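First the structure, in the form of structure tokens, and then the observations on it.
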Amino acid sequence: MRAVLGALVLAALPACTPATEGTAFASPPGERQPVILELFSSEGCSSCPPADTVLAALSKGQPVPGAEVIALELHVDYWNYLGWSDPFSDAAYSARQRAYGAAFSHRGIYTPQLVVDGHAELLGSDAGGAKEAILAASRAPKARVTIGYKDGKIVVKVADLPGAREPASVWLALTEEGLHTDVPRGENAGSRLAHGPIVRRLSRLGAADPGFSGAVAPTLDPAWNKDNLRAVVFVQRDASQQIVGAGAASLR
């Protein structure tokens, strides 16, 4: 499925404040390099459920040696007219996908589309292709991103940013696992859809200057299951869209 999307609109979280002393940080386990997977999906798309399953399996199984898969499932809103309005959809995610389309230039946007570290894209249900792209991404130079959660604040540090000539930004995604929907209408009518880690909120924290550090207190919806929430922080080049570092921590 393909569509033309609207302008980019992203809601910002409160500005970062300096990190406090004594915060415990979570670093990537062992020698695994973090790789961000962004799946652009929709509950109104009949081709998307298999891709959602692939994303969840990659996230839980961690099948690629040397890579720490960090999964982000972003639901676009441009299929809501098909009879079912996806409760997880957001125009901001549709706009983010459009920005990738402009960066890739050689191919349009569609669902389900998987973007690996902001650099490679492929059909979201292509598990084999995803593993190859993850392996390649894990071998690229990475910034060191450490992230912790203390006293209701997400604390972030970024160091060793590679190739700092191109401006980059630090982004925060809040994800929730274990979500599902019984869809009564649209292309998936009558289906119970299970999802990978769905992005509940996505915001830019600031420019990825050398030695970036800060803390932000996210606003959490009471309807979200806090036991299933994670904070994902990643560093992304502003022009090329390539992701050059990431980290994640539970919000329990």
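Here Val235 qualifies as out of contact with any Phe, Trp or Tyr (no Cβ under 7 Å at 6 or more places or on another chain) and surrounded by 13 or more Cβ atoms within 10 Å (Cβ to Cβ). Only residues that are part of a strand (DSSP E or B) and out of contact with any helix residue (DSSP H, G or I) (no Cβ under 9 Å at 6 or more places or on another chain) were counted across region 150-182, and they come to 18.
When Val199, Val235 are checked against the criterion of being in a strand (DSSP E or B), at pLDDT 95 or above, touching a Leu at 6+ places or on another chain (Cβ under 6 Å) and within 23 Å of His119 (Cβ to Cβ), a single residue qualifies: Val199.
Checking Pro28, Pro63 one by one, the residue that is closer than 26 Å to Gly245 by Cα, part of a loop (DSSP other than H, G, I, E, B), at pLDDT 95 or above and not aliphatic (A, V, I, L, M) is Pro63 and no other. Applying the set (1) on the phi > 0 side of the Ramachandran plot; (2) touching a strand residue (DSSP E or B) at 6+ places or on another chain (Cβ under 8 Å) to Leu161 leaves exactly one unmet item: (1).
Filtered by the rule that a residue be within 23 Å of Arg185 (Cα to Cα) and either crowded, with 21+ Cβ neighbours inside 10 Å or of a type in the set (A, V, I, L, M, F, W, C) (or both), region 90-118 gives Ala91, Tyr93, Ser94, Thr111, Pro112, Gln113.
Residues that are more than 18 Å from Arg237 (Cα to Cα), at pLDDT 95 or above and in a loop (DSSP other than H, G, I, E, B) within region 104-143 comprise Thr111, Pro112, Gly124, Ser125, Asp126, listed in sequence order. Surrounded by fewer than 16 Cβ atoms within 10 Å (Cβ to Cβ) and within 13 Å of the chain's Cα centre (by Cα): is that true of Arg204 in this structure? Here the answer is yes, as Arg204 does meet what is asked. Cβ-Cβ distances below 8 Å connect the following pairs, each with a first residue in region 100-119 that is farther than 19 Å from Ser169 by Cα, a second residue that is assigned to a helix (DSSP H, G or I) and of a type in the set (S, T, N, Q), and a separation of six or more residues or different chains: Ile109/Gln97; Gln113/Gln97. Quick one: is Leu37 out of contact with any helix residue (DSSP H, G or I) (no Cβ under 6 Å at 6 or more places or on another chain), assigned to a strand (DSSP E or B) and not β-branched (Val, Ile, Thr)? In short, yes.
The values are calculated or read from the model by the stated rules, or taken from the named source; none is laboratory data. All figures in this text were calculated on a predicted structure; none of them were measured in a lab. Positions of Cβ are generated from backbone atoms using ideal geometry, with glycine treated the same way; all protein chains shown enter the neighbour counts.
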